[in-house]
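The values are calculated or read from the model by the stated rules, or taken from the named source; none is laboratory data. Just so it is clear, the model here is predicted, and its values are computed rather than measured. Counting neighbours? That spans all protein chains shown, and the Cβs are built from the backbone with ideal geometry, glycine included. For accessibility, only protein heavy atoms count, side chains too; no ligands or nucleic acids. Shrake-Rupley method; radii C 1.70, N 1.55, O 1.52, S 1.80 Å.
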Amino acid sequence: MAFRDDEKPPATPNAGSKDGLVKMTIPTYSKKDVALTADSVTAVVEIKATSSTAVREGLDLVAVLDVSGSMGGQKIESVKRALKFVIMKLTPADRLSIVTFDSSADRLNPLQSMTQATQDFLKEKVGNLKAGGGTDIKAGLDLGLAILAGRVHTESRTANIFLMSDGQTSGDPTVVDPGEVSVYTFGFGRGTDHKLLTALAKKSVGGTYSSVPDGTNLSAPFATLLGGLLTVVAQDVRLTLTPKTADGELDTMVVAPGTDYTQTTDANGTITIKFGTLFAGEARKVAVNFTLKDSDDDEKYNATLAVARHSYAAQETPQPPQNIQRVRTPTPSSPADAGAEELAVQAEEVRRRHAGKISEASEMAEEAGKTKDDGKLALAREKLVDAQNALEDILVDDGDKMVDALRAELMKLLEYMDSHQVYDELGRPYALATVTSHGRQRAAGRGDEEEVPSLYVTPRMVKYLEQARKFEENTEEPVPSAEEDAKKDLEDNPLGAIAAPLAFYLDSAIQALQAIQKIVAATSST
């Protein structure tokens with residue numbers, strides 16, 4: 001199935017230099033230094049996208065919507081409102097195609113640029129949606145992917161799918177390969193196969209699963225993700241970690257568990273991690289565990305353990321790598337001497353363990369539910385209490401955003417594990433959405449946006465969430481387009497369009513001067 005009928009879009013909005021849009025910070029470490037004898041240390045490598053929305057990629061979005069019989073009533077009306085909000089936010093530089101499925105799939109329109117005329121046409125199409133028939137998620141996903149695979153115009157454009165369903169499926173969509181398309185799934189209320197939708201999202205690069213509990217609106221999670229997709233500053237973002245085994249320092253280098261990205265290791269031990277896209281204001285942290293061999297030296301010296309590099313599509317000037325290195329010394333510092341940097345690395349480890357505890361507690365609740373074993377459900381709750389206790393051991397300010405967010409997640413899950421019935425209805429989807437959000441370090445909807453702060457929301461997501469709330473109150477009120485949002489951002493930050501490349505060029509100039517100074521110093525000494 002090859003459509004090849006996607007409408008040619010205008011130039012990418014706010015085109016400009018892409019240098020410096022994604023930066024890698026200086027690595028942080030779990031220890032101030034390491035021993036000359038066999039030792040270990042964890043390094044956290046972080047890459048950050050610019051917070052400016054002045055330069056972004058064009059959006060190609062296919063909304064794949066369940067319109068089966070169980071979607072009748074309030075559910076189909078919520079879908080209509082959410083799609084209307086999405087349509088009104090998009091600009092002519094963005095393209096949208098809508099696919100509906102019940103027992104089969106139907107394409108309402110090809111990928112079309114969101115001009116005012118197309119918006120009016122699609123709003124009328126969406127307004128006429130009706131629920132009926134069975135549920136075949138695979139048919140809908142296959143058609144959505146075929147639309148994106150058949151694109152003629154792909155330069156500087158991101159390919160994404162919003163897949164929404166409220167029930168069980170007759171086909172097996174897990175056999176579908178999404179390739180490089182990001183698939184964001186939304187589970188609509190009780191009766192949904194939340195595990196299946198989670199698996200579909202995790203199979204794609206960068207995708208997340210969002211829960212839409214009964215009684216909540218689809219506009220909120222749609223708006224949150226749209227706030228990211230309309231600010232994509234980089235595609236095919238990668239981190240490469242090259243071990244310095246030839247120096248004789250390093251025994252092993254392993255990426256710590258707790259993140260969910262495509263990871264490959266070549267014959268030389270070089271690790272490459274693929275993040276997919278980065279939204280404006282997003283960051284990715286990767287913890288790497290190093291074990292060191294006994295050193296042949298008996299005095300303090302600098303040891304380079306690995307080299308970290310990052311890259312992204314359309315990057316015009318490669319950025320310099322970062323050395324991962326620690327001082328090896330016969331008198332290593334005591335853990336009691338840990339400073340802010342070391343405590344921050346420990347806090348990141350606790351965050352990853354936090355997600356693991358939620359996953360373990362959820363699995364225990366699943367087992368308890370099979371036999372309605374109240375004792376096993378109580379053990380699952382104890383697992384969450386253990387996670388709460390671990391948070392109290394983090395030596396950071398009580399008002400720390402991360403700690404507050406993790407505490408709130410645990411409190412909500414404890415509430416949702418009050419009984420087997422509550423867990424089935426609310427706990428399972430909440431846990432799945434939370435774990436996938438932490439694994440991808442990307443915001444996902446859970447139906448609690450007003451109660452529990454997310455670690456991964458960006459400023460544009462916050463803005464769109466507020467706009468969606470107002471839209472739900474009055475769907476006849478105009479919604480500002482993404483183009484208008486970008487203009488407002490530029491008014492608030494006039495230097496945003498040049499800040500990232502300017503900082504990049506300044507950093508490059510400083511590093512070049514430092515390199516010259518080293519050469520001059522070496523020449524002078526001889």
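When residues in the range 87-122 are screened for being closer than 18 Å to SER219 by Cα and either exposed (fewer than 15 other Cβ atoms within 10 Å of the Cβ) or among the small types (Gly, Ala, Ser) (or both), 1 of them pass. Looking only at the range 124-133, count how many residues are more than 23 Å from VAL183 (Cα to Cα), part of a helix (DSSP H, G or I) and in contact with a helix residue (DSSP H, G or I) (Cβ under 8 Å, 6 or more places away or on another chain). Count: 1. The residues of the range 68-86 that are open to solvent by 40 Å² or more (accessible area, probe 1.4 Å), among the polar types (S, T, N, Q) and touching a residue at least 24 places away in the same chain (Cβ under 8 Å) amount to a single one, SER70. The number of residues in the range 284-316 that are open to solvent by 30 Å² or more (accessible area, probe 1.4 Å) and closer than 21 Å to THR240 by Cα comes to 10. Total residues in the range 438-458 satisfying the condition of being at pLDDT below 95 and assigned to a helix (DSSP H, G or I): the figure is 0. Would you pick out the residues in the range 1-55 that are assigned to a loop (DSSP other than H, G, I, E, B), over 30 Å from ALA105 (Cα atoms) and of a type in the set (A, V, I, L, M, F, W, C)? ALA11, ALA15, LEU21, ILE26, LEU36, ALA38, ALA54, VAL55 - these are the residues of the range 1-55 that are assigned to a loop (DSSP other than H, G, I, E, B), over 30 Å from ALA105 (Cα atoms) and of a type in the set (A, V, I, L, M, F, W, C). State which residue is nearest to the chain's Cα centre (by Cα) when the search covers only the range 49-76 and only residues that are over 19 Å from THR158 (Cα atoms) and of a type outside the set (A, V, I, L, M, F, W, C). It comes out as ASP66.
The lone criterion from (1) touching a Phe, Trp or Tyr at 6+ places or on another chain (Cβ under 8 Å); (2) under 22 Å from LEU59 (Cα atoms) left unmet by GLY179 is number (1). Within the range 452-479, being open to solvent by less than 20 Å² (accessible area, probe 1.4 Å) and within 18 Å of the chain's Cα centre (by Cα) holds for VAL452, THR458, ARG460, MET461, TYR464.
Each row is one residue, and each column tells you yes or no for (1) small (Gly, Ala, Ser); (2) open to solvent by 40 Å² or more (accessible area, probe 1.4 Å); (3) at pLDDT below 95.
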{"position": "ILE394", "(1), (2), (3)": "no, no, yes"}
{"position": "ASP397", "(1), (2), (3)": "no, yes, yes"}
{"position": "ASP400", "(1), (2), (3)": "no, yes, yes"}
{"position": "ALA408", "(1), (2), (3)": "yes, no, yes"}
{"position": "LEU414", "(1), (2), (3)": "no, no, no"}
{"position": "PRO429", "(1), (2), (3)": "no, no, no"}
{"position": "THR436", "(1), (2), (3)": "no, no, no"}
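In this entry, ALA303 passes the filter for residues that are aliphatic (A, V, I, L, M), in a strand (DSSP E or B) and in contact (Cβ under 8 Å) with a residue 60 or more places away in the chain. Picking from residues in the range 243-271 that are part of a strand (DSSP E or B) and open to solvent by less than 30 Å² (accessible area, probe 1.4 Å), the one that is nearest to LYS300 (Cα to Cα) is LEU250. Residues that are of a type in the set (Phe, Trp, Tyr) and over 21 Å from ASP485 (Cβ atoms) within the range 277-297 comprise just one, PHE290. Scanning the range 341-392 for residues that are open to solvent by 80 Å² or more (accessible area, probe 1.4 Å) and in contact with an Asp or Glu (Cβ under 7 Å, 6 or more places away or on another chain) yields a single hit, LYS376. Do you know which residues across the range 317-340 are in contact with a helix residue (DSSP H, G or I) (Cβ under 8 Å, 6 or more places away or on another chain) and either surrounded by 17 or more Cβ atoms within 10 Å (Cβ to Cβ) or part of a strand (DSSP E or B) (or both)? Answer for the range 317-340, where residues must be in contact with a helix residue (DSSP H, G or I) (Cβ under 8 Å, 6 or more places away or on another chain) and either surrounded by 17 or more Cβ atoms within 10 Å (Cβ to Cβ) or part of a strand (DSSP E or B) (or both): GLN319, ALA338. Taken as a whole, the structure places GLU449 among residues that are farther than 21 Å from VAL385 by Cβ, within 20 Å of the chain's Cα centre (by Cα) and among the acidic types (Asp, Glu).
Which ones in the range 41-66 are over 26 Å from ALA313 (Cβ atoms), of a type in the set (A, V, I, L, M, F, W, C) and surrounded by fewer than 24 Cβ atoms within 10 Å (Cβ to Cβ)? Matches in the range 41-66: VAL41 only. Would the range 134-149 turn up any residue that is in contact with an Asp or Glu (Cβ under 9 Å, 6 or more places away or on another chain), open to solvent by less than 10 Å² (accessible area, probe 1.4 Å) and not in a helix (DSSP H, G or I)? No, that holds for no residue.
Tallying residues that are within 18 Å of VAL385 (Cα to Cα) and under 21 Å from the mean Cα position of the chain (by Cα) within the range 414-431 yields 3.
One residue stands out among those in the range 165-207 that are in a loop (DSSP other than H, G, I, E, B) and hydrophobic (A, V, I, L, M, F, W, C): the one that is surrounded by the most Cβ atoms within 10 Å (Cβ to Cβ), which is VAL181. Of everything in the range 455-493 that is out of contact with any strand residue (DSSP E or B) (no Cβ under 9 Å at 6 or more places or on another chain) and among the polar types (S, T, N, Q), the residue that is nearest to LYS84 (Cα to Cα) is THR475. Going by what's in this entry, would ALA223 be described as out of contact with any strand residue (DSSP E or B) (no Cβ under 9 Å at 6 or more places or on another chain), hydrophobic (A, V, I, L, M, F, W, C) and under 20 Å from THR475 (Cβ atoms)? Yes: the conditions hold for ALA223. Entry remark, the range 1-40: residues being under 28 Å from the mean Cα position of the chain (by Cα), open to solvent by less than 40 Å² (accessible area, probe 1.4 Å) and β-branched (Val, Ile, Thr) number 2 in total.
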